[in-house]
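The values are calculated or read from the model by the stated rules, or taken from the named source; none is laboratory data. In this text the structure is predicted, and so the values were computed from the model without any measurement. Virtual Cβ from ideal backbone geometry, glycine too; neighbours counted across all protein chains shown. For accessibility, only protein heavy atoms count, side chains too; no ligands or nucleic acids. Shrake-Rupley method; radii C 1.70, N 1.55, O 1.52, S 1.80 Å.
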Amino acid sequence: MAHQVTLQPSGHTFSVADGATILEAALDAGIHLPYGCKNGACGACKAKVLSGEVDLGIAQESALPAAERVAGMALLCCATPRSDLVIEVHEVATVGDIPVKTLPCRVQKLERVADDVMVIRLKLPTNERLQFLAGQYIEFLLPDGKRRAFSLANAPHADDLLELHVRRIPGGNFTEHVFTKMKEKDILRIEGPFGSFFLREDSAKPILLVAGGTGFAPIKGLIEHALHIGIRRPMQLYWGAKDRAGLYMNALAERWARENGIAYTPVLSEPDADWRGRTGLVHQAVLADHPDLSAFQAYVCGAPAMCEAAQRDFTAHGLPAEEFFADVFSYAPK
Ligand code: FES
């Protein structure tokens, strides 16, 4: 039987289905609660049960000592309700509330999805999860002290593996390494999450998502998150690339269009002769379809020139400046 949970002091409410943890249900409802390991081991999800009864689940003694149990504390990543509950918890209100972590990770899978695009999936240690907002990025900490930043392409709810889309930059040491030397099971170090490119969930405006090349990565994370939490706002995706190969997850975007009603417009700047779709610059395709952008919210990720042109031209076509979000660097190493 589902139980109702009310959070204090926010007053947010959500329902927890049988068998689900309180943390899972909150995240599914689009409520950002803090967490670390999702496994009862770190204590990051600790909260106080003000009324009602919970099953504490697999909470480990080190993370939730006996005295805290007596005081009504629970670890929300493993606690399940036995009745309706009121819980006092500090919700994640801004990106600054999410702790930045340095973690080892293992390359779980390397998938070359285009000549110059590699999808890397990273596995964290068993008792670690990276809390982040869809669209944020992480940095690799390299042995020579340098850092390389890549956007997270998975949504936070699907965090068994962290997904990155890496474009090969000719002469770029790290990306050359990814394409020529990196192997599955390699161990790397990452730090994150970073960045303020994430979905503003407190708006009702239709959402424009504009990706250039591997700028698709954080846009994918935003879309998968929005679908997971059931956002009802209309969404339109424009994905620009040089050629068809650059639309390296075209089938996924077409599936969103078919099954989830996300309008999808691929735009090629150097199409082959039998391309029947849109051509030219991706942000200009948006403007051709929407000469008045005053009602929209826009999320743009791609090369710096594309993001700058989009910001200039979208605002000139009525998009309020505060409704434009871009991460100009997240498509490639900073
Ligand atoms: S104890 Fe680590 S997230 Fe719950």
* Cα centroids of the stretch 205-238 and the stretch 34-52: how far apart, whole angstrom? -> 30
* Asked: How long is the stretch 209-334 along each principal axis, judged by its Cα atoms, biggest number first, in Å?
  -> 38, 32, 32
* Determine the shape class of the stretch 3-93: with a ≥ b ≥ c the square roots of the Cα gyration tensor eigenvalues, call it rounded for a/c under 1.5, and otherwise prolate if a/b is greater than b/c, oblate otherwise. => rounded
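Leaving ligands, DNA and RNA out of it, report the carbon-plus-sulfur percent of the accessible area of the stretch 125-176 at a 1.4 Å probe.
48
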* Electrostatic dipole magnitude of the stretch 111-247 [Cβ: Lys, Arg +1; Asp, Glu -1; Cα centre; debye, to 20] -> 200
* To do: Could you check which residue among H228, H283, H177 shows the biggest mean-square fluctuation in a GNM of the chain with a 10 Å Cα cutoff?
  => H177
* the chain: angle of helix 304-316 to the longest principal axis, Cα-based, in degrees nearest 10 -> 90
* To do: For the stretch 150-218, run through the chymotrypsin sites (Phe, Trp or Tyr not before Pro) and keep only the ones in DSSP coil with at most 10 other Cβ atoms within 10 Å of their Cβ.
  => none
* **Peptides ranked, highest mean first, by Cβ atoms within 10 Å: ranges 88-94, 134-140, 20-26** => 134-140, 20-26, 88-94
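Step through the table entries K101/K220; K46/K146; K48/K185; K185/K220; K46/K185; K109/K146, compare each Cα-Cα distance with 28 Å, and write down the pairs that go over it.
From K101/K220; K46/K146; K48/K185; K185/K220; K46/K185; K109/K146, over 28 Å: K46/K146; K48/K185; K46/K185.
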* Structure fact -> Taking Cα atoms only, helix 250-260 is inclined relative to the longest principal axis of the chain by an angle, in degrees rounded to 10, of 60
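Antiparallel versus total DSSP beta bridges in the chain: what percent is that, nearest 5?
Within the chain, antiparallel bridges account for around 60 percent of the total.
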* Asked: Any idea which of L130, V107, A298 is furthest toward the positive side of the dipole for the chain, if Lys and Arg beta-carbons carry +1 and Asp and Glu beta-carbons -1?
  -> V107
* Asked: So what are the chain's ellipsoid semi-axes, whole angstrom, largest first, if each one is the square root of 5 times an eigenvalue of the alpha-carbon gyration tensor?
  -> 37, 25, 16
* Length-normalised contact order of the chain in % [C-alpha pairs under 8 Å, at least 6 apart] -> 14
* Percent of accessible area on the stretch 207-326 owned by carbon and sulfur, 1.4 Å probe? -> 51
* Asked: Where the centroid of each part is defined by its Cα atoms, how far is the stretch 57-87 from the stretch 132-167 in Å?
  -> 31
* Asked: When the accessible area of the stretch 3-93 is split by element with a 1.4 Å probe, what percent falls to carbon and sulfur?
  -> 52
* What angle do you read, to the nearest 10 degrees and between 0 and 90, between the alpha-carbon axis of helix 216-228 and the longest principal axis of the chain? -> 40
* Asked: Hey, in the GNM for the chain with a 10 angstrom Cα cutoff, which one of R167, R276, R233 fluctuates hardest?
  -> R276
* the chain, helix-only ellipticity at 222 nm - DSSP H runs n ≥ 4, -39,500 (n - 2.57), divided by all residues, nearest 500 -> -5500 deg cm²/dmol
* Asked: Treating the beta-carbon of each Lys and Arg as +1 and of each Asp and Glu as -1, no other charges, what is the dipole magnitude of the stretch 175-334 about its Cα centre, to the nearest 20 debye?
  -> 320
* For a quick protection proxy, order the peptides 113-124, 5-16 by their average other-Cβ count within 10 Å, most packed first. => 113-124, 5-16
* Asked: Where only protein heavy atoms count, and the probe is 1.4 Å, what is the accessible area per residue for the chain in Å²?
  -> 44
* **Positive-end residue of Y238, Y248, V210, charge dipole of the stretch 207-326 with Cβ unit charges** => Y248
* Structure fact -> Here the alpha-carbon Rg of the stretch 27-177 over 2.2 N^0.38 Å rounds to 1.26
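Dipole of the stretch 1-85, Cα-centred, from +1 at each Lys and Arg C-beta and -1 at each Asp and Glu C-beta, to the nearest 20 debye? Can you show the working numbers first?
Numbers: 5 positive and 8 negative charges, 43 e Å.
That gives the stretch 1-85 a dipole magnitude of about 200 debye.
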